[in-house]
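The structure appears below as structure tokens.
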Amino acid sequence: MNKKDFDISIIRPEMRASDFKRRGQGMSRARLKSIKRGLRTFHTLETMAVNIYKFQITRKTDDLNLQLISAMSNEMTHLQDFQAKLFEYGFRPSKTRFMYWMVGFIFGFFSRVLGRSAILRIGIWVETKAVHHYKELLHDIDWDEETRGIIEKDQADEWGHIKRWQSFLK
Ligand SMILES: [Fe+2]
Ligand SMILES: [Fe+2]
């Protein structure tokens with residue numbers, strides 16, 4: 001699937017009770033191990049991403065803040081995607097993810113203090129790294145089809161964030 005196929009105006013795609021499944025039965029240990037590593041990486045990155053946007057939001061009622069709220073909510077969707085998948089596979093989140101919570105807070109808070117340009121530049125920098133991570137893990141890991149579809153949608157969302165912050169910088 002191509003990233004252009006995804007509707008990134010959908011911040012929170014619908015999830016029905018029947019979408020939740022036990023996953024991983026019949027998979028080799030090596031495949032499960034790589035999926036676990038990938039899901040933990042995504043879950044940790046998204047924990048950081050939620051915090052960056054959360055701490056960038058100021059009290060001003062301008063368009064940038066509205067877009068930051070939208071991006072934060074979108075990252076909360078990503079976090080939910082990977083948290084659900086971890087537990088569906090019988091895995092647990094990374095124990096060191098709180099360090100990334102802190103990193104997200106630091107990036108978010110200090111870019112907010114520095115102002116609009118820093119907010120946008122940090123966003124672009126972090127999202128560019130995220131897109132790269134998504135590309136690598138999509139390539140390296142033999143995902144189940146449903147999880148792969150979710151990862152591709154989330155990657156398209158990250159592209160959308162980069163484009164949005166770039167348009168604000170112009
Ligand atoms: Fe994300
Ligand atoms: Fe993002």
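The values are calculated or read from the model by the stated rules, or taken from the named source; none is laboratory data. Treat the numbers as computed from the prediction; the structure is a model and nothing was measured. Counting neighbours? That spans all protein chains shown, and the Cβs are built from the backbone with ideal geometry, glycine included. The protein model used for the area step is the full one, side chains on, heavy atoms only, and it has no ligands, DNA or RNA in it. Shrake-Rupley method; radii C 1.70, N 1.55, O 1.52, S 1.80 Å.
Quick rundown of the values:
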quantity: Residue list for region 20-34, restricted to those being without any contact (Cβ under 8 Å) to a residue 12 or more places away in the chain and open to solvent by 70 Å² or more (accessible area, probe 1.4 Å); calculated: Q25, G26, R29, A30, K33
quantity: Any hit, region 40-48, residues being of a type outside the set (G, A, S) and in a loop (DSSP other than H, G, I, E, B); calculated: no
quantity: Cβ pairs under 7 Å, 6+ apart, first in region 143-170 and under 20 Å from K33 (Cα atoms), second within 15 Å of ligand 2 (Cβ to nearest atom) and of a type in the set (S, T, Y); calculated: I151/Y134
quantity: Tally of residues being over 16 Å from the mean Cα position of the chain (by Cα), in contact (Cβ under 8 Å) with a residue 12 or more places away in the chain and within 17 Å of A84 (Cβ to Cβ) across region 1-14; calculated: 0
quantity: Among (1) in contact with a Gly (Cβ under 7 Å, 6 or more places away or on another chain); (2) at pLDDT below 95, the one test that I52 misses; calculated: (2)
quantity: Enumeration of residues in region 97-116 that are farther than 30 Å from A17 by Cα and out of contact with any helix residue (DSSP H, G or I) (no Cβ under 7 Å at 6 or more places or on another chain); calculated: M99, M102, I106, F110, V113, L114, G115
quantity: Of all residues making up region 136-170, the number that are open to solvent by less than 20 Å² (accessible area, probe 1.4 Å) and either among the small types (G, A, S) or within 14 Å of ligand 2 (Cβ to nearest atom) (or both); calculated: 9
quantity: Residues being β-branched (V, I, T), crowded, with 18+ Cβ neighbours inside 10 Å and over 14 Å from the mean Cα position of the chain (by Cα) - total across region 62-119; calculated: 1
quantity: The lone exception for Y53 - which of (1) crowded, with 16+ Cβ neighbours inside 10 Å; (2) closer than 22 Å to G149 by Cα it fails; calculated: (2)
quantity: Only one of S73, S34 that is away from ligand 1 (no atom under 12 Å from the Cβ) and assigned to a helix (DSSP H, G or I); calculated: S34
quantity: Some residue of region 79-88 being of a type in the set (K, R) and either within 16 Å of ligand 2 (Cβ to nearest atom) or touching a Phe, Trp or Tyr at 6+ places or on another chain (Cβ under 9 Å) (or both); calculated: yes
